[in-house]
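What follows is one structure encoded as structure tokens, with my remarks underneath.
What follows draws every value from the coordinates through simple rules; no lab data is involved. Worth saying up front: this structure is predicted, and the values here are computed from it rather than measured. Positions of Cβ are generated from backbone atoms using ideal geometry, with glycine treated the same way; all protein chains shown enter the neighbour counts.
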Amino acid sequence: MGEKQAGKARLGADNGQAGREDQVRLKPVLGLKPGIYLAVIYSLIFMAILFFILVYPGLVRPGSVLVLKTEPAGAALRVDGVYRGTAPDKVFVSKGRHTLELVLPGFTTERIECEIPGRLLFSVLFPRRYPLELTLTATDPAAAFIAAAKDYAAWTFGGEPTAAWQVPLSLSEGAYRTGAAFRSWKPEEFLKASARFAVTGAALRDLVRAKTIADNGGLPPSPLSLARSVADIIGFLSENPGSAVWLAETLPAESANLISASPWYQAQLAAFDEAGIEEILAPPPFAPLSSPPARLGVGGLSFTGLAAGTLVQGEPLPHAVPVEGFMISDTEVPSSLFAEFLEANPRWRSDQREALAAEELVSGDYLIDDGPAVPEAGVTRVSWYAVRAFCAWLGERLPPSMNGYEIRLPTEAEWEYTAKSVKRWAATGAETEIKNMEDGAWEWCLDPYAPLAFINAAPEGIAAIDSPERAVRGGSPLNPAGSVTPETRASLPPAFCSPFVSFRVVIARRAADFPAQPALR
């Protein structure tokens, strides 16, 4: 027992000693007690934190938050020539004198010289605000809407939006931006031309929204304007055979099922089945013809004349298209003739490839000679723009007897009309010189490619909306046998150059009402 008690006593003494050794005592500094100089240190640290939070940002990055609003919305903001955002938006602008520009297609550009103030204190927590609200003036309402419609057409080539990928409401935003100017400018034909691209549910909704906004001068629809819009839409659908099928393929399943079960839809299907009866193709070219001539040669290229008729264009939905008489080259344009064009027009030679590509007139493989990809095809790896320049050059060689005619690419209707006529001639054993309509290369056509070509629209509307792609017809060896017919449609960007795309040309009367093509840049 005594030893145990002695051990406990020693343990207690050791613990007491340890406790005394763990204690820390601060010594005075410069005669200041620890409690005083610690308080000073903590105060300095706290003041430094406040300085870097409340003062420092205002010293190193002085300026204001520009709160931008424009009517209509969507104007791009440039600060000293540099894009900074789109109204409505909040943009930080550094302190000092700046030039602000607000740019919106079809509207007057607003330029403002201003002195942007700054805030020294609390600039992070409470930044200085510089409100800027402007109403823009429409200088060209048509240009403003057409720019939006072009964007709408381009987006439709991307397919149906998904939850992860959305597209802008370009067309209806354009109608909103144009606003009250619609009352003095009639946009109906441009809306109809835009409808030729409404191949997705999202595009169709945007089209209807644009129509209702336009009918109410850029404002949300009133009951009266909505009734007028509905009446116009019904009239538009009734004048376009194929509208029921179009809507059944585009609307959500529930609405599509209602249309598919309707007498309207069934009547249109019956009309499609009978459409072939109305087709009047060209007789063999060596039958007596008054216009155009049966045969003609220009620049070593032989042309065959086709009399006027009526084509039932097969895709996307059968519809009748009147075709005037024209002449078409028997073959695709050969490389030798295109070489003559290049010799006379150095701008389009292969050594100018980089310059032309910079202007977006050709792609990087323009006129690259790595051997023919399609046997017996004409010149390939040429862009639609280069082909247009060739047509203008060859047209200068037309004889005086062809005054009033021009050389150009065939329209889709002319190409399909020729292919079907040649096929019928071959079936009857009639003689023909026209070759490779279906077993050569794809061939450029004149038309801006619209997925819903059966929708009627004025030529000026079609030309104004244009398209990001151009039509091609024919097929190539890459296509499985039987997968391409005279009715098959396809398209490519006009600057694209492919070893599987060539072209042939037509001689036709100049038509003032044919969609004007964009000028070569």
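Would you kindly state how much longer the chain becomes between E249 and V67 on full extension, computed as 0.36 nm times their sequence separation minus their alpha carbon distance, in nm to one decimal?
On the way: separation 182, 0.36 × 182 = 65.52 nm, distance 4.43 nm.
Here the segment from E249 to V67 would lengthen by 61.1 nm.
For the range 277-371, taking the reciprocal of the average inverse distance between every pair of different Cα atoms yields a Kirkwood hydrodynamic radius of 16.7 Å. The range 430-470 and the range 134-168 have their alpha-carbon centroids 24 Å apart.
Label positions at S238 and E433, each projected 7 Å from the Cα along the C-beta direction, are separated by 5.0 nm.
Pairs from the table (K90/K192; K150/K435; K69/K211; K192/K420; K69/K95) lying more than 32 angstrom apart at Cα are K90/K192; K150/K435. Extending 7 Å from Cα along the Cβ direction at S350 and again at A463 yields two label points whose distance is 3.6 nm. Restricting the calculation to Cα atoms, the chain yields a radius of gyration followed by a Dmax of 36.4, 144 Å. Taken over the range 28-137, the ratio of Cα radius of gyration to 2.2 N^0.38 Å equals 1.65. For the range 135-234, chymotrypsin sites (Phe, Trp or Tyr not before Pro) meeting the loop criterion (DSSP other than H, G, I, E, B) and having at most 11 other Cβ atoms within 10 Å: W165.
Each of R129 and E274 was given a label point 7 Å from its Cα along the Cα-to-Cβ line. The distance between the two points is 6.7 nm.
At full extension, A481 and A163 could sit 110.7 nm farther apart than now, given 0.36 nm per residue minus the alpha carbon distance.
Legend: calculated FRET efficiency, R510 to E188, from the Cβ-Cβ distance at R0 = 22 Å, rounded to 0.05, equals 0.25. If R0 is taken as 30 Å, the Cβ-Cβ distance between V55 and Y83 corresponds to a FRET efficiency of 0.45. How high is the relative contact order of the chain? Use alpha-carbon pairs under 8 Å, at least six apart in sequence, and give a whole percent. Once normalised by length, the contact order is 12 percent. Pairs of C-alpha atoms in the range 279-509 farther apart than 31 Å represent 18 percent of all such pairs. Distance distribution P(r), the range 134-236, all Cα-Cα pairs, bin width 10 angstrom from 0: 16, 49, 30, 6 percent.
Here the extension length gained between L38 and D370 equals 111.2 nm, from 0.36 nm per residue of separation less the Cα-Cα distance. If you plug the beta carbon distance of A308 and E340 into 1/(1 + (r/R0)^6) with R0 = 35 Å, you get a FRET efficiency near 0.65.
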